[in-house]
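This report concerns only the one structure given below.
The values are calculated or read from the model by the stated rules, or taken from the named source; none is laboratory data. What you see is a predicted model; the values in this text were computed from it and never measured. Here the Cβ positions follow ideal geometry from the backbone for every residue, glycine too, while neighbour counts run over all protein chains shown. Only protein heavy atoms, including side chains, enter the accessible area calculation; ligands, DNA and RNA are left aside. Shrake-Rupley method; radii C 1.70, N 1.55, O 1.52, S 1.80 Å.
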Amino acid sequence: QKESLPFFLRQSRFFVSPHRVVHTNQAMGSPEKFSSFKQQQLPACKPLPTAPIVLPIVFCIGFACIGIGVALVLASSSVQETFFLYDEQCQGLTQCMINVNIPNDYTGDVYFSYYLQNYHQNLRTYFTSRNDQQYLGDLQKTSGCSPFDKDGDQPIVPCGAIANSMFNDTYEILFNGVPVPLTSDGLLWDAGKFKNPPDNGGVLCSRFAGTAKPPSWSKPICEIPDGLENVDLNNWMRIAALPNFRKPWRKLDRSKDPAFANGLPAGDYVVNITNQYPVKKFDGDKGFVITTASWAGSKNNFLGIAYLSVGGVVLVIGVILVITHAKFGHSTAELGDIGEGK
Amino acid sequence: MPHHLATATRHINVNSTHQPVKFCNNVISTCKYSVFSFLPRFLIEQFLRYNNIFFLCIAALQQIPDVSPTGRYTTLFPFCIILLISALKEIFEDLKRRTSDKKVNNFPTQILDKGEWKDALWKDVKVGEILWVENDHLFPADLLLISSSEQQGMAYIETSNLDGETNLKIKQSLPTTSHLTSLDSIGPFTAYIECEHPNRHVNEFSGNLHIEGQEPKHFGIDQLLLRGARLKNTEWICGVVIYTGHDAKILLNSKVAPLKQSNVDIMTNRRILFLFFVLVSLAIVSAIGAELYNRSYIPEAWYISWILADGAGFLWNVLTFFILYNNLIPISLQVTLELVRFFQASFINNDLGMYHADSDSCAVARTSNLNEELGQVKFVMSDKTGTLTQNIMKWKRCSVGGVSYGDSESDQFADMRLVDDYKKTPDSAHGNAIRELLTMMAACHTIVPEHKEGELLYQGSSPDEGALVRGAAAMGVVFHTRQPQRVVLNMLGKDESIEVLDVIDFTSDRKRMSVVVRSEDGKIKLYTKGADTVIFDRVGEASKATMNTLKEHLEEYASFGYRTLCFAMKEIPQDRYAKWSADFKQATLKIDERQKAIDACAEEIESDLDLVGATAIEDKLQEFVPETIQALMAADIRVWMLTGDKRETAINIAHSCALCTHHTELMIVDKHTYDETYDKLMRFADRAKQYEVEGREFAMVIDGKSLVHALTGEARVHFGELAMRCKSVVCCRMSPMQKAEVVEMVRGLADHVVLAVGDGANDVAMIQAAHVGVGISGEEGLQAASASDYAIAQFHFLRRLLLLHGAWNFDRSVKVILYSFYKNITLYIIELWFAIFSAWSGQTIFERWTIGMFNIMFTALPPIALGLFDRPVDEAQMLRFPALYCSFQKRAFSLAQFCMWIGMAILHSLMLFFLTYAILEEGVVWAHGRDGGWLMLGNCCYSFVVATVCLKALLECDSWTWPVIVSCLGSIGAWLVVLIAYSWVFPLGRFTIGADMAGMAWIMMTSLAGFWLPLIFVPLTTLLWDLVIKSFFTITHPTPREMAVLYQKRHATGGFERLTRYGTIYSSGVLDLFRGRTRISTDDEFPPGSEPIPIEALTRGRRSSSSMQLAEEARHGFAFSQEEHGPISQHDMVRNADSTQPKPSGR
């Protein structure tokens, strides 16, 4: 009978364990030697990806993915969005009127964003050309802002290439000839917000005395609303990761006009653009976005669809595994069955 | 006394505190560092490693302003932490060495001080002092033997530590000093010694002893007791210290332990080099991308075109990207591996399974960088004496008058039938034969009896004779007195004096020893004992009848691996003896061709003998040796036995330790010339091929002389080829250097890992030459153990060391390495994908410090946990199925594995980046419409990478224990905690650290759709494919490992059927072992704690007759150890010994 054992078991007839002899009263026998930790005997779960283990996991994941995917798709499809590019249309115009039709009511908060295309805020040299200490009010700090650090002896505020190239197109949205009320409240993160120098009792410009404006700017920092705490400046300085990006510009002020209390009503709108920011030369483009937001943010079907399709694929794989398993017939019961000779 | 400074010889004043020059002290040190040398030596050692130089360069490059995309200190800081960890480890290891040196240096000894014996420590021993060494103690330094407790200043020493020879060596003091056996005479003894300067020659030594008022006396190697040797069978000796400490011959012969590098390390370095080239080419490709942007886009982009004025050139960009991608080479790999190995080694050290209770010692991993090499061993080169055998001889069986007495089960011969049969019929032929056999056992030898505290002890250089004399004594024939002319036996209660007339020495050529005696009744008898072949040729017609039964018995004994001796005798008529005796005297006095004359004379008398019987002596094996060797061979490891012993002994042991069985064809190479050796090798190589076809087992036996030829020129090729085919090889009569040469040769044959295991100083060269050296620490053998990489107490621990620790550690270390590559590539290649979107400007996607911390914080623990706690197969399974060992080797660190992991890493990084990209493309993932910006993308992607990489570790881990789970999930948690903490840092005083990170935790964690859902979704999607592919293969093509785990899981209910059926599907050669399967019945067959199967069961059985002509001698089991050509011949030994004289006390 022994001869018929498989080779590797036959060899192991010599399996003896003289190994686990324990001598507690020996010098080596200090109690911590016996810990299962040191003896590599920690209780372990051996996750073997066999069908009985993998299949339930696979199906659970599949259904969970589909569930989340449905929720995300619903969220995304509830978002209303209008988007247009205008650089081509407005070429050569400083004031540019674009007609926009909003087919149905945009309910809830409505956001107005500008969009830049092929604009590399993430270029390393550009990216690092800033001084966060200056932006917190220490105006003399300009290190790292070169070449936009100093104008003669005066520090440029805000210094650096990013600030210098701040986006300066502005928009006016007219609904039936009436300007839509806008606000910039709530469009900034509390963290990392810039701060003006400490209040010295005078006007804002007195706090910025002895500083120069960035070369590309038309007016000094103190003449724009809130100085360094300006929402547009702060949003611009929060670098976009990718070359095509949107930045929030304004939000519908629903408190001012009861017509907009529930959001943006359907109808024809005119966007009046002050067209100042050049992007044509480097094949860039500019755009404008009117959108609502769901819990998942702006319109983005990707995550929902991705969840759905991964869920679907997982279920298909589950089925394939079931078939594979059935074909090879490796059920626990069968494995447990020594079998009367198959 | 003359003082010659700086002369060609060493001058020593004996028993004096003043020496002409200052000699080195007896302290030995194996430490690597001192307090002052630590820093420079450590740094030099660290910067000999390529990757450390690499990171130093990166750290230096980062200091150039504006070139680094990740700031100045992001490499320097983690690099310093890593160096610090390495330094701590080095210090710890050196402290351990210090402790072990201290132990040796503090061994006790006794020194003559102002006419008194004073207890002292080894480290206090100085040149010129007189030492007192007791029986069974090691010599603390090289000593000149002055006197001893034995006659004429003789001393027996055991040099197996030095040269591996098992028989005791005899040393003898100069006649002018041998009388100094009492404190009164030694105390005032002074002399002046002139001798050679310390040198490495162990077999040569000369000097002169000047005693005032006497002629100078020359002394040589026969008077030198070497450090490392042990005093045996001698109560005490006195000796003058000649060479101390590092001047001692043994220390001069010990080479500095070579730094061994494991194969895995070498492979890893190659892979790192490969990654380095990948890195350089990526940097160049990226710089080309940057160049394109510099030419087309940037000149037009007014907001940034000013940077062109700075003129960042192509090379500058290459540098930038080089720094950006530098982390493709895992900075933490070295230190992770070091830590993992360090703790793996401590697992080895703490393993109770390798704890030897008798010596109260555990295994010691002396180097930790070879842990995984233990899992790749293909050749085990083992020493014999002290490693496989205990060097204890026990008389087990005897055959006399056609009856075989004794059994193999009892510890030593205890069959009282032998005496009973004699007592029943003392006068019959059978009774007489028994009487003669016992008499011969008790009288025909060179042993000297010694009465000590009422006990009878036997001293002698031949362990075989010792066993026989003790055996005879146990049977009631007690040899108790030896005088120059006679021996006195107590024959079953009655003293019987036997006059010893002549002794014809044992030599390896004669293979026999004879004694001519005159018994009490006045009859002159010749007693001869020796090899069966030799004896059978010389027996007379009368004995032919008993010869055949005796042959059968001998065959049986040999099949147990016993050492057999044949006994024969004859009565010599008075007149014939008188004539022969005169001839023999003359022959012994001859100067030319003395040996030849003696042999001829002996030949004349040793003829027409009456066969008396035969004895079988067991050379006791160490515990579980056959089991271990079987297990190793089952793991497809070739086992070689390299021994200094004679061929017969070696083959005997090879049989008894299951290295070869009775089915094994032995191919013996024992030629003396190159051409003969070459021919023989050629013929055996052909025969080996034929055997392979026929599926027969075969083994090669080669001796030292043939080996010299076999290792030269073209023969080397054939020898190598033959050696590769043999499952086992026995090399006998090997010098220590030859052992090392054989190891070197096998290393050179192919890329196989060679492990050498030995216990004595003679094995040191071999241990150092092998990839992995294992020393048996046991009771003695400090030399081998301290030169080894791993020291174990017993040979059988080797099985656990290799099959368990080796296989595990190999699997683990490979995982650690591959995983480290994987995680770094996964994270850092994302920078490349991001470069496509950042105008190849070198902008990082991640925050600079998080990049640096990735390796030392957020993914530091999972590889360590993998390396320490992963158990691919449970301990019991590993040991039970040795075949798993070689299947693990095949899961090796292959190029395919590496490519698969790298491919996985690239795939994962693509998925991680582009999934994140798609999710965060619009930037607004909150209900309040704010924008997350650059780090929203970077940090989210980073989080997903950390989660994926940590979960991948779990997926790759074969056994989830709490440390693994905690370290993997904990690492993800650690990142989230650090993220929150880091978001609060800015603004911190005058520093701008973390300006980019300000508030990021809040920004990220308030987005369900942008962070939390993807945190589940992205790693899941990325790893799903791994899981699916893995489970697909597990279901259809389970690996042996998985089968073993399955087997274990089903073991309670059987289920072996499936396990074996998989084997047919799986075509790999490994799984050939699963063929020819039937089911196993129950657990009963493998009770985990079952008793070992007796050695006999392994080796018993009929031999195949076809192999007879191949190994004629081996089959007979003859083996005998005796000191030959020593300073005192066996004849003189017998003539000089007088056990009735009291021994001097020396005190």
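Of the residues B:170, B:157, which is modelled with pLDDT of 85 or more, under 32 Å from the mean Cα position of the chain (by Cα) and either open to solvent by 30 Å² or more (accessible area, probe 1.4 Å) or closer than 30 Å to residue B:251 by Cα (or both)?
B:157
With respect to residue B:972, is the statement that it is at pLDDT 85 or above, more than 9 Å from every other protein chain (Cβ to nearest Cβ) and in contact with a helix residue (DSSP H, G or I) (Cβ under 6 Å, 6 or more places away or on another chain) true?
Against the criterion (at pLDDT 85 or above, more than 9 Å from every other protein chain (Cβ to nearest Cβ) and in contact with a helix residue (DSSP H, G or I) (Cβ under 6 Å, 6 or more places away or on another chain)), residue B:972 qualifies.
Hey, can you tell me all the residues within region B:556-607 that are open to solvent by less than 20 Å² (accessible area, probe 1.4 Å) and either in a loop (DSSP other than H, G, I, E, B) or of a type in the set (Asp, Glu) (or both)?
Answer for region B:556-607, where residues must be open to solvent by less than 20 Å² (accessible area, probe 1.4 Å) and either in a loop (DSSP other than H, G, I, E, B) or of a type in the set (Asp, Glu) (or both): B:560, B:561, B:562, B:606.
Taking helices (runs of 4 or more DSSP H) that do not extend beyond region B:1003-1067, which have at least 3 residues that are more than 24 Å from residue A:308 (Cβ to Cβ), open to solvent by less than 10 Å² (accessible area, probe 1.4 Å) and modelled with pLDDT under 55?
Of the helices (runs of 4 or more DSSP H) lying wholly inside region B:1003-1067, those with at least 3 residues that are more than 24 Å from residue A:308 (Cβ to Cβ), open to solvent by less than 10 Å² (accessible area, probe 1.4 Å) and modelled with pLDDT under 55 span B:1056-1065.
Table: residues versus (1) more than 14 Å from the chain's Cα centre (by Cα); (2) under 20 Å from residue B:759 (Cα atoms); (3) within 14 Å of chain A (Cβ to nearest Cβ); (4) open to solvent by 10 Å² or more (accessible area, probe 1.4 Å).
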| site | (1), (2), (3), (4) |
| --- | --- |
| B:339 | yes, no, no, yes |
| B:345 | yes, no, yes, no |
| B:356 | yes, yes, yes, yes |
| B:360 | yes, yes, yes, yes |
| B:372 | yes, no, no, no |
| B:377 | no, yes, no, no |
| B:382 | no, yes, no, no |
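Of these, A:126, A:111, A:119, which one is within 9 Å of another protein chain (Cβ to nearest Cβ), under 24 Å from residue B:929 (Cβ atoms) and not in a strand (DSSP E or B)? If you could, list the steps in order and put the result at the bottom.
Values: A:126 fails: under 24 Å from residue B:929 (Cβ atoms); A:111 fails: not in a strand (DSSP E or B).
Going through A:126, A:111, A:119 in turn, the sole match is A:119.
Give region B:661-681 a look and list any residue that's in a helix (DSSP H, G or I) and either open to solvent by 70 Å² or more (accessible area, probe 1.4 Å) or over 19 Å from residue B:714 (Cβ atoms) (or both), or say none.
Answer for region B:661-681, where residues must be in a helix (DSSP H, G or I) and either open to solvent by 70 Å² or more (accessible area, probe 1.4 Å) or over 19 Å from residue B:714 (Cβ atoms) (or both): B:674, B:675, B:676, B:679.
Taking region A:175-199 as the search range and keeping residues that are of a type in the set (A, V, I, L, M, F, W, C) and surrounded by fewer than 16 Cβ atoms within 10 Å (Cβ to Cβ), which one is farthest from residue A:132 (Cα to Cα)?
A:178
Name the single residue that is nearest to residue B:252 (Cα to Cα) among those in region B:180-222 being open to solvent by 50 Å² or more (accessible area, probe 1.4 Å) and touching a helix residue (DSSP H, G or I) at 6+ places or on another chain (Cβ under 7 Å).
Only one residue fits best here, namely B:200.
Name every residue in region A:39-58 that is more than 7 Å from chain B (Cβ to nearest Cβ), among the β-branched types (Val, Ile, Thr) and more than 18 Å from residue A:311 (Cα to Cα), in order of residue number.
A:53
Looking at region A:278-327, which of its residues are under 30 Å from residue B:305 (Cα atoms) and buried (at least 20 other Cβ atoms within 10 Å of the Cβ)?
Listed by number, the residues that qualify are A:284, A:286, A:288, A:289.
Name every residue in region A:63-78 that is more than 10 Å from chain B (Cβ to nearest Cβ) and either open to solvent by less than 60 Å² (accessible area, probe 1.4 Å) or part of a helix (DSSP H, G or I) (or both), in order of residue number.
A:63, A:66, A:67, A:70, A:73, A:74, A:77
For every residue, the table says whether it meets (1) in a helix (DSSP H, G or I); (2) in contact (Cβ under 8 Å) with a residue 12 or more places away in the chain; (3) more than 14 Å from every other protein chain (Cβ to nearest Cβ); (4) surrounded by 24 or more Cβ atoms within 10 Å (Cβ to Cβ).
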residue: B:897; (1), (2), (3), (4): yes, yes, yes, no
residue: B:910; (1), (2), (3), (4): yes, yes, yes, no
residue: B:915; (1), (2), (3), (4): yes, yes, no, no
residue: B:919; (1), (2), (3), (4): yes, yes, no, yes
residue: B:924; (1), (2), (3), (4): no, no, no, yes
residue: B:928; (1), (2), (3), (4): no, no, no, no
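Just the residues that are among the polar types (S, T, N, Q) and over 17 Å from residue A:123 (Cα atoms), please, taken from region B:302-342.
Within region B:302-342, B:326, B:327, B:332, B:334, B:336 qualify.
May I ask you to list pairs of residues, at least six apart or on different chains, whose Cβ atoms are under 6 Å apart, with the first in region B:592-611 being over 26 Å from residue B:433 (Cα atoms) and the second being open to solvent by 20 Å² or more (accessible area, probe 1.4 Å)?
B:597/B:590; B:601/B:583
With the condition kept exactly as written, say whether any residue in region B:731-744 is open to solvent by 10 Å² or more (accessible area, probe 1.4 Å) and free of Cβ contacts under 8 Å to residues at least 24 places away in the same chain.
no
Criterion first (within 14 Å of another protein chain (Cβ to nearest Cβ) and at pLDDT below 90) does residue B:880 satisfy it?
Details: within 14 Å of another protein chain (Cβ to nearest Cβ): yes; at pLDDT below 90: yes.
Considered against the rule, which asks whether it is within 14 Å of another protein chain (Cβ to nearest Cβ) and at pLDDT below 90, residue B:880 comes out as yes.
Within region B:230-244, count every residue that is in contact with a strand residue (DSSP E or B) (Cβ under 7 Å, 6 or more places away or on another chain) and over 15 Å from residue B:154 (Cα atoms).
The qualifying residues number 4.
So residue A:268 ticks every box in (1) part of a loop (DSSP other than H, G, I, E, B); (2) surrounded by fewer than 15 Cβ atoms within 10 Å (Cβ to Cβ); (3) touching a strand residue (DSSP E or B) at 6+ places or on another chain (Cβ under 8 Å) but one. Which box is left unticked?
(1)
Determine, yes or no, whether residue A:158 is within 30 Å of residue A:94 (Cα to Cα) and open to solvent by less than 10 Å² (accessible area, probe 1.4 Å).
yes
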